[in-house]
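The values are calculated or read from the model by the stated rules, or taken from the named source; none is laboratory data. Quick caveat, the model's predicted, so the values are computed rather than measured. Here Cβ is always computed from backbone atoms with ideal geometry, including for glycine, and neighbour counts include all displayed protein chains.
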Amino acid sequence: MPAKAASYDKKRRDGSPGTILVALSKGYVVASVGARGRTLQKEGKYTGKAPFAIIDLKSAVRYLHANDEKMPGDANKIISNGTSAGGALSTLLGASADHYDYEPYLKEAGALNASDKIFAVSAYCPITNLENADMAYEWQFNGVNEYSRIDMSRLNAAEFNDRSKPKPKIEGSLNEAEIKVSNELAERFPTYLNSLHLVDEKGNPLTLDPKGNGSFKDYLSEVVKTAANKAYRGLVQDSEEQKAFQQISWLSFEKGKVSSVDWFGYVFSDKRMKSPPAFDALNGSSGENNLFGTDTENNRHFTLYSAERSANKDLNLADPQIVKRMNPMHYLDNRKCCGTLAD
């Protein structure tokens, strides 16, 4: 959705200082910029569909680079921070630095002739790799049939971006058709995952068998265990919080620390947030469908799976080049961004 430049006095839902104020207190120079978003309209046309949000952020980075000597801070040390969709844009901003794919849009927008490279990315739960995300979501949450999701139809851009207020929810259970979709998408994920040829820190391959089990899942369990141990170490000894932590059913403790994670217990410990397909909704109602619309079409599919099974035959399939420009996975070998790390 469209984003306005934020102010430093914006507080969190619990009344604590917001991100910008905390960053300022630590000595950071903060640049908060506005950007076009998927719901923006002008004269009957949509003006903020993909890829314009990332174009506006790149334009802002170019402005900072071009005016580096006139402003405080160092444009060569820009860190982009974002959560959820903002995390996705931050990740894309970092991976796609100075890539020619975006040049025509930047010229059209009147962006300055400067670099849009940034120093680092601080991204939290980024909603990214969208054309493969439906498979990944169902691989993890297949069998979790109760959901509790945000009702996007009851929110405008300002309400969505206001993190100080709770969001309206829709509660329910997956129907038979949705469970079938979940099963189909979950079965497709191992093939995609294995095609990436991922390895861990020691070079060991991270893979899944046709049933969705394997070293990749084991690796994620270790990631959760590490995070759980970090949280556990931060609790006061014998406090009520520590005692409650020790009662988490899917964690095992040994010698004063978390020794293992029951993966399925972890996954089934709460409701899912999205019904399948999680991102490319069959009726075209998701925020991601809305993102990939055009100036004249509000929503589009962006995966063949959903397009072929669409509940709305009037929905077209998004231009794959536009989908590519919103996915940082396609730019991880971008040497202008990552140098030798791309190897």
Count of residues meeting criterion [assigned to a loop (DSSP other than H, G, I, E, B), in contact with a helix residue (DSSP H, G or I) (Cβ under 9 Å, 6 or more places away or on another chain) and closer than 29 Å to LEU40 by Cβ] in region 295-313: 5
Restricted to region 61-85, and to residues that are within 24 Å of GLY293 (Cβ to Cβ) and in contact with a strand residue (DSSP E or B) (Cβ under 8 Å, 6 or more places away or on another chain), which residue is surrounded by the fewest Cβ atoms within 10 Å (Cβ to Cβ)? SER84
Among the residues of region 209-226, write down those that are part of a loop (DSSP other than H, G, I, E, B) and without any contact (Cβ under 8 Å) to a residue 40 or more places away in the chain. ASP209, PRO210, LYS211, ASN213, GLY214
Run down ASN289, ASN229, ASN283 and say which single residue is at pLDDT 95 or above, within 30 Å of LEU315 (Cα to Cα) and not in a loop (DSSP other than H, G, I, E, B). ASN289
Within region 67-115, how many residues turn out to be at pLDDT 95 or above, hydrophobic (A, V, I, L, M, F, W, C) and assigned to a helix (DSSP H, G or I)? 8
Within region 259-285, the residues that are surrounded by fewer than 21 Cβ atoms within 10 Å (Cβ to Cβ) and within 21 Å of GLN41 (Cβ to Cβ) are SER285
Could you check region 108-122 and list, in sequence order, the residues that are surrounded by fewer than 22 Cβ atoms within 10 Å (Cβ to Cβ) and over 16 Å from ARG36 (Cα atoms)? LEU112, ASN113, ALA114, SER115, LYS117, PHE119, ALA120, VAL121, SER122
